[in-house]
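As structure tokens, the structure follows; a few thoughts come after it.
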Amino acid sequence: MNKLIFALALTTLAAPVSAQQFSESYKFLEAIRKEDGNKVNEILGAPGQTIINTRDRVSGEGALHIVTKRSDSVYLRFLLQKGANPDIGDARGETPLLIAVGNGFDEGVDILTRYNANIDAANSSGETPLIRAVQMRRFELVRKLLGAGADPDKTDIAAGMSARDYAKRDTRSPAIAKLLADAPKKAARRSTGPVLR
């Protein structure tokens, strides 16, 4: 009986110690995953807190990735208003905008573009949100991204093809092919800095 009481006492004492071993970053991402608004506000409300853009050590996933994957527009707006980086990439370079396009989370695309997400930010394969929308044959998203200034000629790394190229090749979506064929070429960006002569 004494051994059982001793074992229970050790278990009770060990629980708070192990709970304290989690970093603030881990606690924050867990609170986001569990939609624990009180805990999220408590962590973000701490003086000098810069945890909003913390990322999971393994996946590189940040809070914006988590809420975008679950199509949570309320948390998405909240985190962006708190200063979350709309262009944060995970371990594969996936940005919240790429995830929103991939999940058909149109409201998320609207929110992210409103908060100045880089419309042409590509993942590690060079896939842009526009390329992904074309590959998914999502006409409205393609139109929305072009309207937000997406570059139809930015190529990926995997095949060296642009959204315009993919649209031309896919005969199943003539409306998207026409939309991309009619899209104007983006002007080449001029580099800034001193001119050497």
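The values are calculated or read from the model by the stated rules, or taken from the named source; none is laboratory data. On a predicted model such as this, the values are computed, not experimentally measured, just so you know. Glycine gets a Cβ as well: all are built from the backbone with ideal geometry, and neighbour counts include every protein chain shown.
Against the conditions (1) touching an Asp or Glu at 6+ places or on another chain (Cβ under 9 Å); (2) surrounded by fewer than 21 Cβ atoms within 10 Å (Cβ to Cβ); (3) assigned by the TED database to the domain that holds Asn41; (4) among the charged types (D, E, K, R), where does Glu94 fall short? Just the number, please.
(2)
Anything in region 135-162 that is within 19 Å of Gly102 (Cβ to Cβ), touching a strand residue (DSSP E or B) at 6+ places or on another chain (Cβ under 9 Å) and not hydroxyl-bearing (Ser, Thr, Tyr)? List them, or say none.
Asp151, Pro152, Lys154, Asp156, Met161 - these are the residues of region 135-162 that are within 19 Å of Gly102 (Cβ to Cβ), touching a strand residue (DSSP E or B) at 6+ places or on another chain (Cβ under 9 Å) and not hydroxyl-bearing (Ser, Thr, Tyr).
Can you tell me which of Asp165, Asp156 is without any contact (Cβ under 8 Å) to a residue 12 or more places away in the chain and either closer than 24 Å to Asp90 by Cα or not assigned by the TED database to the domain that holds Arg92 (or both)?
Asp165 is the lone residue from the list that is without any contact (Cβ under 8 Å) to a residue 12 or more places away in the chain and either closer than 24 Å to Asp90 by Cα or not assigned by the TED database to the domain that holds Arg92 (or both).
Within region 25-42, is there a residue that is closer than 23 Å to Val101 by Cα, in the same structural domain as Arg114 (by the TED database), touching a Lys or Arg at 6+ places or on another chain (Cβ under 7 Å) and part of a helix (DSSP H, G or I)?
Looking for residues that are closer than 23 Å to Val101 by Cα, in the same structural domain as Arg114 (by the TED database), touching a Lys or Arg at 6+ places or on another chain (Cβ under 7 Å) and part of a helix (DSSP H, G or I), one finds none in region 25-42, hence no.
When you look at Glu127, is it out of contact with any Phe, Trp or Tyr (no Cβ under 7 Å at 6 or more places or on another chain), assigned to a helix (DSSP H, G or I) and under 27 Å from Lys185 (Cα atoms), yes or no?
no
Say whether the condition of being without any contact (Cβ under 8 Å) to a residue 24 or more places away in the chain and out of contact with any helix residue (DSSP H, G or I) (no Cβ under 6 Å at 6 or more places or on another chain) is met by at least one residue in region 101-111.
Looking through region 101-111, none of the residues is without any contact (Cβ under 8 Å) to a residue 24 or more places away in the chain and out of contact with any helix residue (DSSP H, G or I) (no Cβ under 6 Å at 6 or more places or on another chain).
Answer yes or no as to whether Ala100 is of a type in the set (Gly, Ala, Ser) and farther than 26 Å from Asp156 by Cβ.
no
What residue, of Asp120, Asp151, is within 18 Å of the chain's Cα centre (by Cα), in contact (Cβ under 8 Å) with a residue 12 or more places away in the chain and either within 30 Å of Gln81 (Cβ to Cβ) or part of a helix (DSSP H, G or I) (or both)?
Asp120
Filter region 71-107 down to the residues that are over 12 Å from the mean Cα position of the chain (by Cα) and polar (S, T, N, Q), then identify the one that is farthest from Ile32 (Cα to Cα).
Among residues in region 71-107 that are over 12 Å from the mean Cα position of the chain (by Cα) and polar (S, T, N, Q), the one farthest from Ile32 (Cα to Cα) is Gln81.
Can you confirm whether region 189-197 contains a residue that is modelled with pLDDT of 95 or more and hydrophobic (A, V, I, L, M, F, W, C)?
no
Could you please find all residues in region 64-85 being of a type in the set (A, V, I, L, M, F, W, C) and surrounded by 15 or more Cβ atoms within 10 Å (Cβ to Cβ)?
Matches in region 64-85: Leu64, Ile66, Val67, Leu76, Phe78, Leu79, Leu80, Ala84.
Using the structure shown, decide if Ile66 is assigned to a helix (DSSP H, G or I), within 11 Å of the chain's Cα centre (by Cα) and closer than 16 Å to Thr95 by Cβ.
Judged against the criteria, Ile66 is a match.
Considering each residue of region 86-117, count those that are part of a helix (DSSP H, G or I) and either among the polar types (S, T, N, Q) or farther than 20 Å from Val58 by Cα (or both), and give that number.
Count: 13.
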